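Before any comments, here is the structure.
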Amino acid sequence: MHLHGDILENYAARELAPNTLAEIDAHVSNCLFCAHTLAAETAASASWERRGLLGRLVRD
Ligand SMILES: [Zn+2]
């Protein structure tokens, strides 16, 4: 099963059971579709974090 939705978000945040993370690690390393999906998700997460940091800087 490919990564999508909550599973994708939780995997990107590493907030899953260790055995589930290991299973997905194995899948992603063999699945170009999921590797691309995960790269897009983590890039989006990083940009959200930067926006959050910027928001804090602006408030300060
Ligand atoms: Zn996949």
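Taking the range 5-24, which residues are exposed (fewer than 11 other Cβ atoms within 10 Å of the Cβ) and within 15 Å of the ligand (Cβ to nearest atom)?
Passing the criteria: only Gly5.
With the requirement that a residue be free of Cβ contacts under 8 Å to residues at least 12 places away in the same chain, under 20 Å from Ala44 (Cα atoms) and assigned to a helix (DSSP H, G or I), what does the range 1-20 give you?
Gly5, Asp6, Asn10, listed by residue number.
Give me a count of the residues in the range 25-50 that are charged (D, E, K, R) and surrounded by 14 or more Cβ atoms within 10 Å (Cβ to Cβ).
Counting residues in the range 25-50 that are charged (D, E, K, R) and surrounded by 14 or more Cβ atoms within 10 Å (Cβ to Cβ) gives 1.
Name the residue, out of Glu23, Glu9, that is of a type in the set (Asp, Glu) and at pLDDT below 95. If you could, list the steps in order and put the result at the bottom.
On the way: Glu23 fails: at pLDDT below 95.
Being of a type in the set (Asp, Glu) and at pLDDT below 95 holds for just one of Glu23, Glu9, which is Glu9.
Among the numbered conditions (1) open to solvent by 100 Å² or more (accessible area, probe 1.4 Å); (2) modelled with pLDDT under 95; (3) under 17 Å from Asp6 (Cα atoms), tell me where Arg56 comes up short.
Only one criterion in (1) open to solvent by 100 Å² or more (accessible area, probe 1.4 Å); (2) modelled with pLDDT under 95; (3) under 17 Å from Asp6 (Cα atoms) is unmet by Arg56, namely (3).
The values are calculated or read from the model by the stated rules, or taken from the named source; none is laboratory data. Since the structure is predicted, the reported quantities are computational estimates derived from the model, not experimental observations. Cβ: placed from backbone, ideal geometry, glycine included. Neighbour counts: every protein chain shown. Accessible surface areas use protein heavy atoms only, side chains included; no ligands, DNA or RNA. Shrake-Rupley method; radii C 1.70, N 1.55, O 1.52, S 1.80 Å.
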